[in-house]
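Below is one structure, written out as structure tokens; the observations come after it.
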Amino acid sequence: MGVLNLAVRDGVLLMTIDHPPVNALSRTVRAGLMEALARLAGDALLRGGVLLGADNIFVGGADIREFGKPASAPTLPEVLAVLEACPKPVVAGLNGAALGGGLELALACDARIALPSAVVGLPEVTLGIIPGAGGTQRLPRLTGLAAAIRLIGTGAKLKADEALRQGILDDIAPDDLPGAAIAWLHGPASAKRPVSARTVPADAPSAVEAAAQAAVKTGKGRPAVRAAIAAVKEAAEVPFAEALQHERHAFETLRASPEAAALRHIFFAEREAVRLPESLRQKPRQLETIAVIGAGTMGAGIALSVLEAGFWLILLDQNAALLAAAGAGLLRQLDERAQAGKISFSSAERARERLILANGWQEIDSADLIIEAVYEDLSVKQEVFRQLDAYAKPHAVLATNTSYLDIDQIAAATSRPRDVLGLHFFSPAHVMKLLEVVQGAQTTPDVLSAGMELGKRLQKLPVMCENRFGFIGNRIYNAYRTHCEFMLEDGAWPEQVDEALEAFGFAMGPFAVMDMSGLDIAWRMRKSRAAGRDPRARHVPVLEALCEQDRFGRKSNIGYYSYDGGKRAKETDQTVRAIIAAASEKRGIRRRDLSPEEIQRRALMTMANEAALLLAEGVAQRASDIDVVLVNGYGFPRWMGGPVHWARGQGRAKLEEGFDIIGEAMGFGFRRGDVDLLL
Ligand code: T1G
């Protein structure tokens, strides 16, 4: 069995790509295709060919692992040119995902038949590149420019029925895909009908521009999106062969870019992060019924994810009104998401049947895993865990959703600390993919595996970490935010720090984020930790001064910034500046201008240094896990790959120099990370 299995049925050559795990178009697959096409062309008894994928996927794209190496013959465009020039018609049978080069392979066929479960897409822009084997030229010849720009410019995936509606597919077969494809070869596809020979269906220019603007907005104006739009537009203006060359040149240029390397890094890092280290990997426990304790915002968000993943859900809250409201909200959201096509009506119906509202502890005894999502206070959580210990069945996994509290202190409230772990969801819990799975000192590997397994079944990105203050994400983000406060004292205003970091690519700067999450929350945290703070450590008292003036951020319409009808002022007001200037003066600092470059370097170096410390302490299992957390939970720009990937790009000398600068700014209490752990 090679990577391409051949069989003949009814005078048709069935060519099945069998290259687990996703039938990626590696060099061996491309060479196999060339051989098969030569046999098809040369055998007079064969009337045509059918391309299929083994298992439940057609082709997941070009082999991304080959991108860092020189292209090897035959290239995919060469294979597709031979396919399209083959004197016999070829039908693609899409038995699953046909993505990137996989869809381009299908587009070079004479017809495309799919199972209802198939999905199609050209997601190259999510990797910082554009389709490099004719996708920008063949797709618009089936869909028109606007639809092609929408699909290629956003990297979206289409279900089979929508792909049929847009003209990408010729038919949908309920089953027996090979039979359906063969029937097409005896019927509508009995003669060659290459897509490249077709003309682009006309689109109103306004529709094309609207699609382009929407794609640029979705793609945050990144270079690959703009290049994809320009390539697609050429389909209607430039001869096919010439436009194909332009596409290939743009693809190769982008593939060599740092942005594409960063996006490939995070693509593979996310797939590695969800795997526990070998030493901890165990068969996870049976998970069928999940209980969520607390029907507040987080609890309800977690509950929605649990329901949509197909689990039985027990939602417990002793506040009957809150519980009823949360229950009604869940039913409403399930309906809304089904109406919006985000979930099927049948799965929404099943989810409704699996929702159990409870307000007595005795009702959680059937739960395999229980997630506590109550008020972020240690004594409140410890009381909940005492109840869980009393009422949960033996071997139930007991999880706390705490962001900052010590898992071991919570576990100590039970007689079964081995069954306790942290599951740190991010708000909004049914939207954010990141889930920190926190191992307590006594958490057993099978409990940890259950946490990771739950994360995967919730379609999230579970990343394992050890139980240290702030876990991975909050630990790094706190260090970054603290250093940004140092920069206020050194001479920058909040808007200058925010603008510099938003220019780097952060979704929002740290002071805008603090206003959004509420300065009073940070204030309460700081007061709770003040006793442990060494008076010699540099501490910037600006946030406290703002809170003492009831400036809590968006919730009070004024914080670092003032807000008018929800709109944030571009500049901070004189009160804030006077507080900051007073802090500088009290510390004896002559304020100076900080350039956006200095702000970015110091902020990123702080993240890199804290990442090195996390690795040295064993809190994070892999350096790339840190990138996965910061990109998926803290707005770190995905096209920069994460703080560790960024640090690697700086090199040793710059990192050493950067760590000196942030150490000097911090003074007492600075701990220098080991650069080697990052490189
Ligand atoms: N190349 C190499 N490895 C790949 C791969 C690919 N295209 N896609 C997935 N893998 C690996 C992945 O790293 C993981 O490895 C395993 O397969 C399972 O992946 C010329 C240039 C197809 C929807 O962007 O979206 O074509 O961790 O966990 O959840 O114009 O994989 O097991 O060692 O994601 O079932 C365009 C990327 C490429 C699609 C399956 N294609 N892949 O999801 O499995 S560029 C894509 C996916 C291109 C052309 C251009 C998903 C999937 P490991 P997985 P899954």
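Tabulated data for the structure shown
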| item | result |
| --- | --- |
| Estimated distance in nm for a label pair at Arg538 and Gln286, the labels positioned 7 Å out from Cα along Cα-to-Cβ | 5.7 |
| For the range 4-260, size of Cβ-based charge dipole, Lys and Arg +1, Asp and Glu -1, in debye | 340 |
| Euclidean distance of C-alpha centroids, the range 292-325 and the range 68-96, integer Å | 50 |
| Karplus (6.51, -1.76, 1.60) ³J(HN,Hα), θ = phi - 60°, over the range 241-253, in Hz, Gly and Pro reported as x | 4, 5, 5, 5, 5, 4, 4, 4, 5, 5, 4, 5, 5 |
| Among Val437, Thr402, Ser415 - extreme Cα towards positive end, dipole of the range 373-476, charges at beta-carbon | Val437 |
| Å² per residue, accessible surface of the chain at 1.4 Å | 41 |
| The range 4-260: C-alpha gyration tensor shape, a/c 1.5 cut-off, then a/b vs b/c | prolate |
| Spatial separation of Cα centroids for the range 125-149 and the range 500-532, in angstrom | 41 |
| DSSP-defined beta bridges in the range 4-260 - what % are antiparallel, rounded to 5 | 30 |
| The chain - percent of accessible surface contributed by carbon and sulfur, probe 1.4 Å | 54 |
| 5 angstrom amide H check on Gly134, placed H, neighbours 5+ away | none |
| Share, in percent, of DSSP beta bridges within the chain that are antiparallel, nearest 5 | 30 |
| Mean Cβ neighbour count within 10 Å, used as a protection proxy, ranking 653-660, 12-19, 508-515 highest first | 508-515, 12-19, 653-660 |
| Pairwise FRET efficiency - Ala321 versus Ala582, Cβ, R0 = 56 Å, nearest 0.05 | 0.75 |
| Residue-span extension gain [Leu331 to Phe345] - 0.36 nm each, minus C-alpha spacing | 3.8 nm |
| Kirkwood-based shape ratio for the range 474-677, expressed as Rg/Rh from alpha carbons | 0.95 |
| Only Lys, Arg (+1) and Asp, Glu (-1) charged, at Cβ; the chain dipole about Cα centre in debye | 400 |
| Mean Cα-pair separation over length for the range 344-415, i.e. relative contact order, pairs under 8 Å, 6 or more apart, % | 36 |
| Helix axis angle, 623-633 relative to the chain longest principal axis, alpha carbon, degrees | 90 |
| Angle between the chain longest axis and helix 596-617 axis [Cα atoms, degrees, rounded to 10] | 90 |
| Relative contact order for the chain, counting Cα pairs under 8 Å that sit 6 or more residues apart, in percent | 9 |
| Förster radius 25 Å - calculated FRET efficiency between Arg529 and Ser379, Cβ distance, rounded to 0.05 | 0.95 |
| For the range 18-68, convex hull volume per residue from C-alpha positions, Å³ | 75 |
| From phi via Karplus (6.51, -1.76, 1.60), per-residue ³J(HN,Hα) for the range 319-327 in Hz, x at Gly/Pro | 8, 4, 5, 5, 5, 4, 5, 5, x |
| Mean projected area (nm²) of the alpha-carbon convex hull when the chain is viewed from all directions | 32.1 |
| Percent RCO, i.e. relative contact order, over the range 1-119, from Cα pairs under 8 Å lying at least 6 residues apart | 27 |
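The values are calculated or read from the model by the stated rules, or taken from the named source; none is laboratory data. Note that this is a predicted model, so its numbers are computed, not measured. Note that we place each Cβ from the backbone using ideal geometry, even for glycine, and neighbour counts take in every protein chain shown. Heavy atoms of the whole protein, side chains included, go into the accessibility calculation; ligands, DNA and RNA do not. Shrake-Rupley method; radii C 1.70, N 1.55, O 1.52, S 1.80 Å.
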